[in-house]
Amino acid sequence: MSGLEQAGGGEPRSPAPRGRGAATNPANRFARIDFAEELDYLENDPDAVEARRGIATEYFVDDAKSVISENDSPDIPFRYSLNPYRGCAHGCSYCFARPTHEYLDLSAGLDFETRIFVKERAPELFREWLGRDGYRPDTVAISGVTDGYQPIERKLELTRRCLQVALEARQPLAIVTKNALVTRDIDLLAPLAAQQAASVSLSVTTLDQSLSRVMEPRTSSPEAKLRAITELSRAGIPVTVLVAPVVPGLTDHEIPRILQAVKEAGAVSAGYILLRLPLTVEPVFLEWLHRVRPAEASKVETRIRATRGGKMYDSRFGERMRGSGPIADQIAASFRLFAARYGLSISRPPLTADRFRRPLPASGQRWLFD
């Protein structure tokens, strides 16, 4: 087939790109017109096939007027989140945030991981938000939708500059990431943590490098994540590990080994989230599953449905993070057992904003009233 994959009906489809979780762009659910690409010309042109596999990441300026989102979902433990980027180059096939790209008239598939929007003014917008009259300090999560430490952050340092604002204001931050790049900012996180105003939650989905490489292709390796836990912990920054997502039939058997490894690395607590496949995440994940793990696809689908009342997803609050039924109960029981065994089931003290002080405005002039 000259490297060209075949669709279920035997018709050619676009070759799977290198280093990406998604292989296609499923139709945007808001779009009135859907375009189907003609690929027959690739059938006998291996050079064209190979060229299409290398998809570059594009970056666009996002002129957002705010960098903070407010959440009122009863099963999410934070009210405010800060997102310096839209879209995420990590390319995790299972990412629940993929449908957010559809609001930008793009796709939840390849577009989400190859067309990234950058909020260049994120630090300044964060400073203005913290300096509002009447602001009542509360913990801000980085990031609630896309990862603040995705690869481009190494160059742009938008998340780091937001941390600098937070340190000046003694604003409590709860960081959630899949990238060991977070250790770069230990110099900012450690003094915040010393004031009980910073924590890091690191997502560890699998310890299997071969699986991680294809399921979450541009995140840090499992070994790098374990090293990051150690570095952060030694600096006095409390680390929670999120075994997230747990994929029934694919990664659930790793729970005991993951919890042991992260405890040995220095984590102080742990939690888990069951695989979530809302809206257009489902076709992206299922395409990945059948392409990359075809021998296991039927088993994984069956077990996902067994945790979702026969469906692929249940969006109800309280159900969407944990699922229901015997398999979901087994996953929960296994997690509780081994979290307790390794001392990871403790409740971490909440972050405090007791030392908060409004940061200087971008003009550098002091506030008339503090």
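Restricting attention to the range 241-265, report how many residues are of a type outside the set (A, V, I, L, M) and within 19 Å of the chain's Cα centre (by Cα).
Start the filter on the range 241-265 by keeping residues that are of a type outside the set (A, V, I, L, M), which leaves 245, 248-249, 251-254, 256-257, 260, 263-264.
From what is left, the residues that are within 19 Å of the chain's Cα centre (by Cα) are 245, 248, 251-252.
Of the residues in that region, 4 qualify.
Would a scan of the range 223-241 turn up a residue that is crowded, with 21+ Cβ neighbours inside 10 Å and within 26 Å of PRO326 (Cα to Cα)? Yes, that holds for at least one residue. Can you tell me which residue within the range 155-166, out of those that are closer than 11 Å to ARG127 by Cα and free of Cβ contacts under 8 Å to residues at least 40 places away in the same chain, is surrounded by the fewest Cβ atoms within 10 Å (Cβ to Cβ)? Going through the qualifying residues, I end up with ARG161. Can you spot a residue in the range 88-104 that is farther than 21 Å from SER201 by Cβ and either in a strand (DSSP E or B) or β-branched (Val, Ile, Thr) (or both)? No, that holds for no residue.
Return the residue satisfying two criteria in turn: it lies in the range 266-281 and is under 14 Å from VAL200 (Cα atoms) and of a type outside the set (Val, Ile, Thr), and of such residues it is nearest to the chain's Cα centre (by Cα). So that I can check it myself, show each step before the final result.
From the range 266-281, those under 14 Å from VAL200 (Cα atoms) are 266-271; that's our starting set.
If we keep only those that are of a type outside the set (Val, Ile, Thr) as well, we get 266-267, 269-271.
Working: GLY266: 22, ALA267: 19, SER269: 19, ALA270: 16, GLY271: 15 Å.
Looking at residues that are under 14 Å from VAL200 (Cα atoms) and of a type outside the set (Val, Ile, Thr), I get GLY271.
Considering the range 199-249, and only residues there that are polar (S, T, N, Q) and part of a strand (DSSP E or B), the residue that is farthest from LEU275 (Cα to Cα) turns out to be SER199. Among the residues making up the range 46-61, those that are out of contact with any helix residue (DSSP H, G or I) (no Cβ under 9 Å at 6 or more places or on another chain) and either assigned to a loop (DSSP other than H, G, I, E, B) or modelled with pLDDT under 90 (or both) are PRO46, ASP47, GLU50, ALA51, ARG53, GLY54. Looking across the range 186-222, the residues that are hydrophobic (A, V, I, L, M, F, W, C), under 14 Å from the mean Cα position of the chain (by Cα) and within 14 Å of ALA174 (Cβ to Cβ) come down to VAL200, LEU202. Considering the conditions (1) closer than 27 Å to PHE285 by Cα; (2) loosely packed, with under 13 Cβ neighbours inside 10 Å; (3) at pLDDT 90 or above; (4) not hydrophobic (A, V, I, L, M, F, W, C), GLU70 is excluded by exactly one of them, (1).
The values are calculated or read from the model by the stated rules, or taken from the named source; none is laboratory data. None of these values were measured; they are calculated from a predicted model. Please note: Cβ atoms are built from the backbone with ideal geometry, for glycine as well, and neighbour counts cover all protein chains shown.
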